[in-house]
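See structure below.
The values are calculated or read from the model by the stated rules, or taken from the named source; none is laboratory data. None of the values given here were measured: they were computed from a predicted structure. Don't worry about glycine lacking a Cβ; one is built from the backbone with ideal geometry, like all the others, and counts go over all protein chains shown.
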């Protein structure tokens, strides 16, 4: 299958490109430059693919200055808007069969346990970005192709993301819980993320919202203890919340808060996680 990916140069995007190519798909990138051309030109590009995957978005872990907030917003909403507009200009006979568009579990509040039917959303900056992000694809309702929105948790891998940053610290025995440690830690092994994407591509009945997280609920303290255990290192040096606020300001809540999320729809569709528990994920990634 021919697949076009926006955001293919990021940590998750690179892993996904490798996985899809290894599994026999033909993959090409939608680059930043492609988003600068008129919609009709982008339409011609994406019409050459059967599947469009949009993972584009700048990092949210930075001080949320006015300019950084604008970049976080525009790198997600405006790129999605451009793709949607290009799809709307496509001839029906030429349109891709599937759009997979990213979102994040940050849309949910930190009180309840959420599956995809939950409407208990947070009211902070990240949640508002996610709401606007997802709203862009609503214009495609009634389209003659499938649209899947994936609410992504913390993707664990050794080539990027959270775990890559933490491994050197924990290997030195300097790891510890963040803040209270009670905040939820909704994770997914990068291999299961890629396998989940492949599931959506191949399962013709898949459409709508999907939570891309492992099926177990854990908190940051549990993550800290298990990472220390698999590395056989102590993990008793906490990172106080005030220190993170000094570094990141309001953006510290990305680390100090977390939603309790379950992947009900993937499980209902028969998807089998290769790494359903944190211990299995960490053991694989640190071996």
**Prompt:** Would a scan of region 63-77 turn up a residue that is crowded, with 21+ Cβ neighbours inside 10 Å and in contact with a strand residue (DSSP E or B) (Cβ under 7 Å, 6 or more places away or on another chain)?
**Reply:** no
**Asked** Hey, among 121, 125, which residue is under 24 Å from residue 259 (Cα atoms), touching a residue at least 12 places away in the same chain (Cβ under 8 Å) and either surrounded by fewer than 16 Cβ atoms within 10 Å (Cβ to Cβ) or out of contact with any helix residue (DSSP H, G or I) (no Cβ under 6 Å at 6 or more places or on another chain) (or both)?
**Response** 125
**Given (1) within 21 Å of the chain's Cα centre (by Cα); (2) more than 21 Å from residue 154 (Cα to Cα); (3) without any contact (Cβ under 8 Å) to a residue 24 or more places away in the chain, index of the condition residue 33 fails** = (1)
**Request:** Mind counting the residues in region 186-203 that are in a loop (DSSP other than H, G, I, E, B) and either over 22 Å from the mean Cα position of the chain (by Cα) or crowded, with 23+ Cβ neighbours inside 10 Å (or both)?
**Result:** 1
**Request:** Give 135, 139, 183 a once-over and let me know the one that is out of contact with any strand residue (DSSP E or B) (no Cβ under 9 Å at 6 or more places or on another chain) and modelled with pLDDT of 95 or more.
**Result:** 135
**Criterion (crowded, with 21+ Cβ neighbours inside 10 Å, within 26 Å of residue 277 (Cα to Cα), in contact with a helix residue (DSSP H, G or I) (Cβ under 6 Å, 6 or more places away or on another chain) and at pLDDT 95 or above) met by exactly one of 154, 107** = 107
**Message:** Criterion first (touching a strand residue (DSSP E or B) at 6+ places or on another chain (Cβ under 7 Å), within 25 Å of residue 98 (Cβ to Cβ) and touching a residue at least 60 places away in the same chain (Cβ under 8 Å)) does residue 193 satisfy it?
**Reply:** yes
**Asked** Is it the case that residue 48 is at pLDDT below 95, surrounded by fewer than 21 Cβ atoms within 10 Å (Cβ to Cβ) and in a loop (DSSP other than H, G, I, E, B)?
**Response** yes
**Prompt:** Considering only residues of region 204-215 that are more than 15 Å from the chain's Cα centre (by Cα) and part of a loop (DSSP other than H, G, I, E, B), which is farthest from residue 144 (Cα to Cα)?
**Reply:** 215
